[in-house]
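The values are calculated or read from the model by the stated rules, or taken from the named source; none is laboratory data. Note that the coordinates shown come from a computational prediction; the quantities given were computed from them, not determined experimentally. Note: ideal-geometry Cβ built from the backbone for every residue, glycine included; neighbour counts use all protein chains shown. Note: areas computed on protein heavy atoms with side chains; ligands, DNA, RNA excluded. Shrake-Rupley method; radii C 1.70, N 1.55, O 1.52, S 1.80 Å.
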Amino acid sequence: MPRILHLGVGNFFRAHQADYTQSSPGWRITGVSFRSPSIRDGLAAQGYGYTLLIKDRSGSKLRKIDVLDRMLVVPENPDSLIDAIADPDVAVITVTVTEKGYHLGPDGRLDTQADAVGSDLNGGALTPVGALARGLARRTTPVTVLSCDNLPNNGPKLQSAVIDFARLVGLTITAPVTFPASMVDRITPATTDTIRAEASDPMAVPTEAFSEWVIQDDFAAARPDWPGAQWVQDVEPHEMRKLRMLNGAHSFLAYAGTLRGHTYVHEAIADPTLRNTARTLMQEAAATLPEAVRAQAESYADALLDRFENPALHHRLRQIAMDGSQKMPIRIVDTLRQRKGQNSPALTAAIDAWCDFVRTEVADGRTLDDPMASDLQSACGTADPGAALKAVIGAP
Ligand code: CS2
C-alpha cells in the first residue's frame, strides 16, 4: 500500500492533511515528530486513531481519523527517519513544521548560521531539511515532497534549502524528486481539557468545518486523490490571498486583541475598533493580489470575518501571536512593501501592534514565544525600541 510520510504531527496536520487522506482509500500515513515523544505516546496508546471535533455555529461534529498507523520520534532514532525518506513505499512526503522549522534566513535561503543547521551540517539529521537531504540522497525511486506550511513559495523554498544542504555536505540527490507548492487552510486551535472531555478522547483535535487545499500539480510519483483539493499550475495567487488576508488579519488581531484584553479570536473580531482595522487590512492586502484572485477578494474577506466570528472554536490569540518574527515579514511587511507610497493605515497598525505587544511582554517579564526572543528582548532595551524591533522584521 502506498504511504505518505508526514513530518510534523501537530494539530494542523491532524485536522487537515490527515482528514483529506482519511477520505482517500488505499493510503496510510507514517507520522514523524521532531521533538518530544508525547504525541506519539498519546496516539500509540489508542492505536494511532483520534477524533476530530469539527465546530461551527450549529454545534460540534465528531469524525474518527485512523489513517495514521506508525510514528517515528526523530531524537530517539534519527536513522529511522532517513530510512523512511529513502523507503520506496513512500510516494509522498508532506511537511508541516511551521515557519521556523525551515531555518531560512531573511533572503529565504537556508540559514547555515542557525545552530541546529550547523549541527546537522556536521553529521546530524535532526532538522527537517537535514533529514530530507540525507534521506533523499539515499533514494532510488521518485518521490514528491509537499510543503504544507504558511510560507510563500513553500515548495521551492524547501527545495532550495534541501539542495543547499546536500551541496554543503557533498551529497547528490539522483532520484526524481519534485517539491510542489501548496496553500493550506483550516483554522485549528490547540487541544484543551474541555475538548478532550467533549470528544472523550485525550488526543482529540478541534477544528472548523471550512477547509481548503490548493496544490501545484507537479508530483513525481503516485498521489492520493484527496477529495476537495484543487490542483493548479500556479499556487502563488492563492497563497498570497490566504497569507496576506487571513494570516495577516489573524496576526493583527492576535497582537492588538491581546493588548486590548481579549483572549480569543471571536472576541477580538467582535470589538468594533479591531474589526474595522482587520477589514481594512484585508482590503489593503486584497489590492496587492494578482489579477487571478482579486475578483474573489471581497467575498473571501466576508467569509473570513464569518470564520473569525465562530463562537465555538475558542481560538486563542496567544496561539497566533507566537513566532511573530517569522510571521510578520510574510504576512504584513511584504504586503506593505508592495503598497509602497500608498496609505496603509491597517498594515501599519499591525506592525505597531506587534511592536507594542513585544514591548509589553518584555516589560511584564514574560518569556517571548519566538525563536528570535533574545534579539527582540535586546531591541526593547535600545534607545529607540520601535525602530529596533521593526528592523528585526525588515519593516519600513
Ligand atoms: C494562524 C494560522 O497561528 C497562526 O499563525 O494564523 O495557524 C491559521 O489559523 C491557519 O493558517 C488557518 O489555515
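Below is a table of values for the structure above.
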item: Residue in the range 156-171 that is nearest to the ligand (Cβ to nearest atom), counting only those that are touching a Phe, Trp or Tyr at 6+ places or on another chain (Cβ under 8 Å) and open to solvent by less than 10 Å² (accessible area, probe 1.4 Å); result: LEU158
item: Every pair of residues 6+ apart whose Cβ atoms lie under 8 Å, when the first sits in the range 318-346 and is under 16 Å from ALA391 (Cβ atoms) while the second is among the aromatic types (Phe, Trp, Tyr); result: GLY324/TYR255; GLY324/TRP354; GLY324/PHE357; MET328/TRP354; ILE332/PHE252; ILE332/TRP354
item: Any hit, the range 30-49, residues being closer than 26 Å to VAL177 by Cβ and surrounded by fewer than 21 Cβ atoms within 10 Å (Cβ to Cβ); result: yes
item: Looking only at the range 104-122, and only at residues there that are in a loop (DSSP other than H, G, I, E, B) and among the acidic types (Asp, Glu), the one that is most open to solvent (accessible area, probe 1.4 Å); result: ASP107
item: Qualifying strands (runs of 3 or more DSSP E) (wholly inside the range 131-236; at least 3 residues being free of Cβ contacts under 8 Å to residues at least 40 places away in the same chain); result: 230-232
item: Within the range 172-198, considering residues that are closer than 20 Å to GLU309 by Cα and surrounded by fewer than 16 Cβ atoms within 10 Å (Cβ to Cβ), the one farthest from the ligand (Cβ to nearest atom); result: THR194
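This table checks each residue for (1) assigned by TED's automatic domain parsing to the domain that holds ALA353; (2) free of Cβ contacts under 8 Å to residues at least 40 places away in the same chain; (3) within 16 Å of the ligand (Cβ to nearest atom); (4) surrounded by fewer than 18 Cβ atoms within 10 Å (Cβ to Cβ).
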site: ALA249; (1), (2), (3), (4): yes, no, yes, no
site: GLY257; (1), (2), (3), (4): yes, no, yes, no
site: HIS262; (1), (2), (3), (4): yes, no, yes, no
site: VAL265; (1), (2), (3), (4): yes, no, yes, no
site: ILE269; (1), (2), (3), (4): yes, no, yes, no
site: THR273; (1), (2), (3), (4): yes, yes, no, yes
site: ASN276; (1), (2), (3), (4): yes, yes, no, yes
site: ALA287; (1), (2), (3), (4): yes, no, no, yes
